[in-house]
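Novice: Would you mind keeping the following structure in view while I ask a few things?
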Amino acid sequence: MKLRRLWAIVLKEIRQLRRDRITLAMIVMIPVGQLVLFGYAINLNPRGLNAAIADQSNTAASRALVMDMVATGVIAPVTQVQTPQQLVELLRQGRISVGVHVPPDFERRRIDGREVAQVMVDGSDTVVQSAAAQLAQLPVDSSVVAPRKVAPIGVVAFYNPQRRSPVNIVPGLIGVILTMTMVMFTSVAIVRERERGNMELLITTPVSRTELMIGKVLPYAVIGLIQTTVVLLLGTWLFAVPIKGSVLDVYLAAVLLILANLALGLMISTKAASQFQAMQMTVFILLPSILLSGFMFPYAGMPVAAQWLSEVLPMTHFLRLIRGVMLRGASLWELWQDVLYLSAFIAVMMSAAVARFSKRLD
């Protein structure tokens, strides 16, 4: 082994890496991204959970109890309603994570030491359920008549009262699998054509840019639907994960995520110069999609900047759709904001990918 020849190879690799700007950026961005995500954005103690209050007693003591709950920082009231039925409906639609109901006979319950209030929790997220349970630990003054009695606060978990992890994990796995496979498959689509020499053949055909892009997307869309079916079947068979909403809505939500990821993959494919670069960019998209979407860590526990970033990711909106339909029995019409965002994301990314693609070798 000659050190001179060895050093020549080392210099060659360094110069080649220096010219590969995407790889050079990933060397820095991947560790920085992981450090920021794990150290700054991820928090297992969520605060500021969207809540609604139904104070049917509306006395000084009941208002003080609600203020004590808000002062913990666990909940952040976004609206007030009149009945507990309205709280349940808001929970089902995913507009709130916690509902606080104070009954009309609050004062009598407080004096008797009976349950004075009820905290309703969206149990589809077990971390949120555990955080909201802290509200039940608040002391309530019942010493007016019976100093030895303690007035408790009840907690009712909807949609996953047993706190089974598969109920929360399996719907999210659909999004993780579709994001990982769809973006990865299509991110190398155009690059592979160039590297294998097929682009010369495509140039000579009358196929337009739009036809080529859509033609590449459709086969993978079918694969995505097959993957969705496999996860649903295994989830219901092995883990008894319920599907409370319409199965059609489940597949429509999956189609939206599939098309969004395919469009994003095509956009990456038009930017990457090699399959290796495409894979690097896919990993850079996949990591925040898993960590910031609410799949592993609660959305409410993230700082505001991380929440803004998560709103850009298609998987964040898909998780709201799939958990709303499968676990809470909501319809896509009730979750129209997330449907609208995914539709807009598909249109923007697909248009950008078509505009960037050119049937030329240079």
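Novice: Taking the chain as the reference, fit the longest principal axis to its C-alpha atoms, fit the long axis of helix 247-271 to the helix C-alpha atoms, and give the angle between the two in degrees, 0 to 90, nearest 10.
Specialist: 40 degrees
Novice: Helix 84-93 sits at what angle to the longest principal axis of the chain, using alpha carbons and giving 0 to 90 degrees rounded to 10?
Specialist: Value to nearest ten degrees: 10.
Novice: Quick one: compute the contact order of the chain, relative version, from alpha carbon pairs under 8 angstrom and 6+ residues apart, as a percent.
Specialist: Numbers: 567 pairs, mean separation 71.2, N = 362.
About 20 percent, as a whole number.
Novice: Comparing 347, 300, 221, which has the greatest mean-square fluctuation in the GNM of the chain with Cα pairs linked when under 10 Å apart?
Specialist: In this elastic network of the chain, the residue with the biggest mean-square fluctuation among 347, 300, 221 is 347.
Novice: Let me ask you something else. Using the beta-carbon distance between residue 165 and residue 95 and R0 = 25 Å, what value does 1/(1 + (r/R0)^6) give for FRET efficiency, to the nearest 0.05? Provide the component values of the computation, followed by the final result.
Specialist: Numbers: r = 25 Å, r/R0 = 0.98.
After rounding to 0.05, the efficiency reads 0.55.
Novice: Here is a further query. Would you work out if segment 211-338 is rounded, prolate or oblate? Take a ≥ b ≥ c from the square roots of the eigenvalues of the alpha-carbon gyration tensor; rounded if a/c is under 1.5, else prolate when a/b is larger than b/c, oblate otherwise. Write down the numbers at each step before the final one.
Specialist: Numbers: a/c = 1.86, a/b = 1.26, b/c = 1.48.
In terms of gyration-tensor shape, oblate.
Novice: Within the chain, what is the number of lysine pairs with alpha carbons under 22 Å apart, leaving out pairs fewer than eight places apart on the same chain?
Specialist: 4
Novice: Where Lys and Arg each count +1 and Asp and Glu each count -1, what net charge lies around residue 170 among other residues with Cβ under 13 Å from its Cβ?
Specialist: Within the 13 Å Cβ shell, the charges total +2.
Novice: A further question follows. Please build a GNM for the chain, connecting alpha carbons under 10 Å apart, and tell me which residue among 47, 164, 15 fluctuates the most.
Specialist: 15
Novice: Assigning unit charges at the beta carbon (Lys, Arg +1; Asp, Glu -1) and nothing else, what dipole magnitude in debye, to the nearest 20, does segment 58-198 show about its Cα centre?
Specialist: On the way: 14 positive and 11 negative charges, 40 e Å.
Dipole of segment 58-198, to the nearest 20 debye: 180 debye.
Novice: Using +1 at the Cβ of each Lys and Arg and -1 at the Cβ of each Asp and Glu in the chain, identify which of 288, 81, 337 lies farthest towards the dipole's positive end.
Specialist: My answer, from the dipole projection, is 288.
Novice: Amide H neighbours of residue 49 under 5 Å, counting only residues 5+ apart in sequence or on other chains, H built in-plane at 1.01 Å?
Specialist: It is 75, 76, by chain and number.
Novice: Okay, next question. Using alpha carbons only, how many degrees (0 to 90, rounded to 10) separate the axis of helix 314-326 from the longest principal axis of the chain?
Specialist: Approximately 50 degrees, to the nearest ten.
Novice: For the chain, set up a Gaussian network in which alpha carbons nearer than 10 Å are linked by springs, and say which option among 140, 127, 32 fluctuates the most.
Specialist: With Cα springs under 10 Å in the chain, the top fluctuation among 140, 127, 32 is at 32.
Values quoted throughout were computed directly from the atomic coordinates according to the rules given, and no laboratory measurement underlies them. Values in this document were obtained by computation on a predicted structure and should not be read as measured data. Glycine also receives a Cβ, built like all others from the backbone with ideal geometry; neighbour counts cover every protein chain displayed.
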